[in-house]
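The values are calculated or read from the model by the stated rules, or taken from the named source; none is laboratory data. For clarity, every value in this text was computed on a predicted model and none was experimentally measured. Positions of Cβ are generated from backbone atoms using ideal geometry, with glycine treated the same way; all protein chains shown enter the neighbour counts. The accessibility values were calculated without ligands, DNA or RNA, using every heavy atom of the protein model including side chains. Shrake-Rupley method; radii C 1.70, N 1.55, O 1.52, S 1.80 Å.
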Amino acid sequence: DKKSSQLDFDLKTPYGKNFKEMLDGCATSLIQSGYKREAKADAIECWTVRSYAGDYNPLHAHGCHTQAGLSMIMYLKVPKCIEDKPSFPSLHNASGDIDGFTGLITSTNTIADVYRLKLDAQEYIKPKKGFMIIFPNWLQHCVMPFFGDGERRTMSANFNIRDSKETIQQFKSPTLNKEN
């Protein structure tokens, strides 16, 4: 749609710095409480996406500048045609139940999984205004197209993860630390 856009959100403005502090706190809480990892999250970029009928975002993952990273999606505006979808969608018979949803896709871990006919795992998140999801930046995700009036608006961010010195020591290989 000609109205569709992706706009950078400057985290260095006074408002951006306050918002970044809130984002960093949420992501750091996830790392420390959810992963039991003594580390801090640092939002490095943020942007909004405005989508309209027929728009979609193909399968992709995000990057960061550290070995571990997080990504975030926050739903700012959800059109009625997506709000009215069932919370537990049917994926049978091309129901359209996941139109406008965010798909999270994990890939197989080994070649043996392919030979065993093990399918990749999929989860579809129904957008809800004000709802935020934070996930590892390597997680493949996409946005399904929707068909109807209105705008689907999201804000996304990427985070570097900075571990404490103690945590870094736990993950170092003994063969790499011979001089210590």
Can you give the FRET efficiency for ALA121 and GLN67, using 1/(1 + (r/R0)^6), R0 = 25 Å, r = Cβ-Cβ distance, to the nearest 0.05?
0.60
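What net charge is computed for the residues neighbouring ALA39, neighbours being all others with C-beta under 9 Å from the C-beta of ALA39, Lys and Arg scored +1, Asp and Glu -1? It would help to have the intermediate numbers written out before the result.
Values: positive: ARG37, LYS40, ARG162; negative: GLU38, ASP163.
Local charge sum for ALA39: +1.
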At 7 Å along Cα-to-Cβ for each site, give me the label-to-label distance between GLU45 and ASP1 in nm.
2.5 nm
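Counting Lys and Arg as +1 and Asp and Glu as -1, what is the net charge of the other residues whose Cβ lies under 12 Å from the Cβ of ILE161?
-1
Just in the range 8-113: which GluC sites (Glu not before Pro) are loop by DSSP and have at most 16 other Cβ atoms within 10 Å? Write down the numbers at each step before the final one.
Values: sites: GLU21, GLU38, GLU45, GLU83; in loops: GLU38.
Passing both the DSSP loop test and the Cβ count: GLU38.
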Could you compute how much accessible surface ILE98 exposes when probed at 1.4 Å, giving the result in Å² to the nearest 10?
20 Å²
Percent of accessible area on the range 1-115 owned by carbon and sulfur, 1.4 Å probe?
53 percent
Inter-label distance, nm, simple model (7 Å from Cα along the C-beta direction), SER107/LYS80
4.2 nm
With a point put 7 Å past each Cα toward its Cβ, work out how far GLU21 is from PHE135 in nm, to one decimal.
3.0 nm
